[in-house]
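The values are calculated or read from the model by the stated rules, or taken from the named source; none is laboratory data. If you're wondering where the values come from, they're calculated on a predicted model, not measured in any experiment. Neighbour counts are summed over all protein chains in view; Cβ atoms, including those assigned to glycine, are modelled from backbone coordinates with ideal geometry. Only protein heavy atoms, including side chains, enter the accessible area calculation; ligands, DNA and RNA are left aside. Shrake-Rupley method; radii C 1.70, N 1.55, O 1.52, S 1.80 Å.
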Amino acid sequence: MRQGSLICLVWMLCFGAGVAQAAPVQLHLGVLSWTDAPTSSWTTTLNALQAEFPQIEWVLEPLSLAEIEQALAAGRLDYLLTNPGHFVTLTPHFELAPLATFRAPGIHQRTQAVGSALVVRAEDSHLQHWQDLAMARIAAVEPAAFGGFQLIWDALEHHGLDREQDVGEWVFTGFPMEGLLPLLTAGEVDAIVLRSCLLEQLAAQGQIDMQAFRVLQAQPVEGYPCLTSTPLYPDWPFLSTGRAPTEVTDQVLMALLQMQDASTGDRLWSAAASYQAVYALFERLRVGPFAAFPKNPLQAVLLEYRAWIFSFALVLLLIFAHHFWVERLVRHRTRVLEATLEEQRQTQARLRQQERELQHLSRYALMGELAAGLAHELNQPLAAIVNYARGAERLLATAVTDQPSPMATEQQAALHQVAQRIALQAEQAAARIKSLRLFLRRGETQKQPFTLGSLLDQAQELIATQVEQQGVTLEWHCSDALRAQSLYADPVQLLQVLLNLFTNALDALAEAEHKQIEIQAQREGPHLLLSVVDYGCGLQDPARLFEPFYTTKAKGMGLGLSLSRTLIQAHQGELSVCSSPHGGVVASIRLPLPS
């Protein structure tokens, strides 16, 4: 990082600010060493770069395939020159950017520059076709060499031959590639694999006799000056490792594109070519980035799209698992819900039954308070019956039955009047007893039409004795029109509520000086408001008034107001109890009127 920053600084100083003197900076250019003289092929390029950037010292490092990977891993190289196959092999592991593609002298198609030649001895006439290699011993530099092995491997497979089963033996000697020729000449091997044009270059340099060798299955390519046994691929790329500053790399690219061959005037470098054909070759061979892919088409598809297939299978598995889990959860919750609903139904049934029982018990509790009044109410009409009956006896005893007379007529009229009074008192006693028996009757809510006046009269009759005994005054505020108002409800339940309110008011007035109870009835829109107002001791704990079994009475059960509110709510009404501003309590019943 420090060296890259220094290069950038020197570059800016030398080319941006125009400083005359600057300390030389090194840029390292790695080159794949595949021949005896690896730097000779790139002398023109290196000299041009050195001349273009005199302030930079260019260091050329010839390296093997393994050494290049080590240098890249160590971050030691700024630029790299290697064959296209090696470039494709390095791309998954290192960030390499092709700046330009080399244009060898005499080769005009930059995409048709690199091939492989399978060279045999000229006298070995038995080796003419690919299938003739079944018993041959073939030498190459190494399996990772692009033009030195991999292109011939692809050609063998293209002709339906397996490199292991359909070839006698492979011998790998390592670089340099020229070292393969002595093995072929000595007869130690039957064929060798050379990079295309290397045979022609050695012959032009006088190192070999071209007539002594032959290229097996040579393919003539228009505009290509060399013999090749395989299709051609783009030439070597000039690669940037990203270590040098961007400004320097831009200037290097411009310098490469302007370089020309001194003898021909042809450009040595062109814009970077596409290396897709090399990727396709490696995909067929399953090497480099595709080494993990099997050759079986189905396996290849499965392996190539394994991430998608695994994700899809995982999603399906999760969907099925979610479906089964949701279904199981729904079943479980349905069972729980059904059990809860059944329990609620049973609970509601029990509550309704308990309410009926409590209502019945409440009626009996009120009956105890009404028992004294009942005895008094029955004694008075019975005493009157006795008196009138004795009077009737005396009148009848003195009556003259033989001869009618005015006196007898008067006695008979009096006797008739007495008999009417006896009948009236007896009917009143019977009516009161009937009301008490109806009140004590146990059963479901039975709604029927009746008038407000009949309800108030019946309640007044039932509490008349208690009112008289305690010396309490009842003051009624109810118009005749409202008394004639028709109601549709259960009269027994409403009577029970009224008696509860009257009883509470009487108990509150036990020690009060102003012993008066007001009964107020008024209409509020579609509702009837019926209030019982006393001037007693008031409320002690308003928050707990309707709490079951809460009572302030010594002999109370604490159920009256709770049951009363339940009964009123069953009629879609409201029961409220609050303190009166003049002292005492106001208990109000609010009921809907029939439409």
Self-check item: Of the criteria (1) within 60 Å of the chain's Cα centre (by Cα); (2) surrounded by 20 or more Cβ atoms within 10 Å (Cβ to Cβ), which one A73 fails
Solution: (2)
Self-check item: Any hit, region 77-87, residues being open to solvent by 30 Å² or more (accessible area, probe 1.4 Å) and in contact (Cβ under 8 Å) with a residue 40 or more places away in the chain
Solution: no
Quiz item: So, of the residues in region 95-123 that are in contact with a Ser or Thr (Cβ under 7 Å, 6 or more places away or on another chain) and part of a loop (DSSP other than H, G, I, E, B), which turns out to be least open to solvent (accessible area, probe 1.4 Å)?
Solution: G115
Exercise. Might you let me know whether region 458-470 holds any residue that is open to solvent by 60 Å² or more (accessible area, probe 1.4 Å), in contact (Cβ under 8 Å) with a residue 24 or more places away in the chain and under 60 Å from the mean Cα position of the chain (by Cα)?
Key: no
Quiz item: Within the set of pairs 6 or more residues apart or between chains, which connect a residue that is farther than 30 Å from T566 by Cβ inside region 330-349 to a residue that is surrounded by 10 or more Cβ atoms within 10 Å (Cβ to Cβ) with Cβ atoms less than 9 Å apart?
Solution: none
Practice problem: Would you mind listing the strands (runs of 3 or more DSSP E) fully within region 141-251 where at least 2 residues are under 28 Å from W42 (Cα atoms), modelled with pLDDT of 85 or more and open to solvent by less than 40 Å² (accessible area, probe 1.4 Å)? | Solution: 191-195, 213-215, 237-240
Quiz item: Of the residues that sit in region 483-507 and are in contact with a strand residue (DSSP E or B) (Cβ under 8 Å, 6 or more places away or on another chain) and open to solvent by 20 Å² or more (accessible area, probe 1.4 Å), which one is nearest to L561 (Cα to Cα)?
Solution: N504
Exercise. Return yes or no: is G536 small (G, A, S) and modelled with pLDDT of 80 or more?
Key: no
Exercise. Taking G560 as the residue in question, decide whether it is surrounded by 15 or more Cβ atoms within 10 Å (Cβ to Cβ) and modelled with pLDDT under 75.
Key: yes
Exercise. Being farther than 30 Å from H514 by Cα and either in a helix (DSSP H, G or I) or open to solvent by 20 Å² or more (accessible area, probe 1.4 Å) (or both) is the filter here, so list the residues in region 563-595 that pass it.
Key: T566, L567, Q569, A570, Q572, P592, L593, P594, S595
Exercise. Assess whether L60 counts as being open to solvent by 10 Å² or more (accessible area, probe 1.4 Å) and either under 25 Å from R286 (Cβ atoms) or within 50 Å of the chain's Cα centre (by Cα) (or both).
Key: no
Practice problem: Select, from H322, H360, the only residue that is modelled with pLDDT under 90 and of a type outside the set (V, I, T). | Solution: H360
Quiz prompt | Test set (1) assigned to a helix (DSSP H, G or I); (2) out of contact with any Ser or Thr (no Cβ under 7 Å at 6 or more places or on another chain); (3) surrounded by 10 or more Cβ atoms within 10 Å (Cβ to Cβ); (4) not aliphatic (A, V, I, L, M) - S274 fails condition number | solution = (1)
Exercise. Please find, within region 252-271, the residue that is modelled with the lowest pLDDT out of those that are open to solvent by 30 Å² or more (accessible area, probe 1.4 Å) and aliphatic (A, V, I, L, M).
Key: A262
Quiz item: All but one of (1) more than 60 Å from the chain's Cα centre (by Cα); (2) open to solvent by 70 Å² or more (accessible area, probe 1.4 Å); (3) at pLDDT 85 or above hold for D36; which doesn't?
Solution: (3)
Quiz item: Only one of these conditions is not met by E69: (1) over 22 Å from A203 (Cβ atoms); (2) assigned to a loop (DSSP other than H, G, I, E, B); (3) of a type outside the set (A, V, I, L, M); (4) at pLDDT 90 or above. Which number is it?
Solution: (2)
Practice problem: Looking only at region 285-301, decide whether some residue is closer than 25 Å to T91 by Cβ, open to solvent by less than 40 Å² (accessible area, probe 1.4 Å), touching a Gly at 6+ places or on another chain (Cβ under 9 Å) and not basic (K, R). | Solution: yes
Exercise. Working carefully through the options R335, R328, R350, find the one that is surrounded by 10 or more Cβ atoms within 10 Å (Cβ to Cβ), modelled with pLDDT under 90 and charged (D, E, K, R).
Key: R350
Practice problem: Kindly list, by first and then second residue, each pair from a residue in region 167-178 that is more than 8 Å from A140 (Cα to Cα) to a residue that is in a helix (DSSP H, G or I) and open to solvent by 60 Å² or more (accessible area, probe 1.4 Å), limited to pairs with Cβ atoms under 7 Å and residues at least 6 apart or on different chains. | Solution: G168/M135
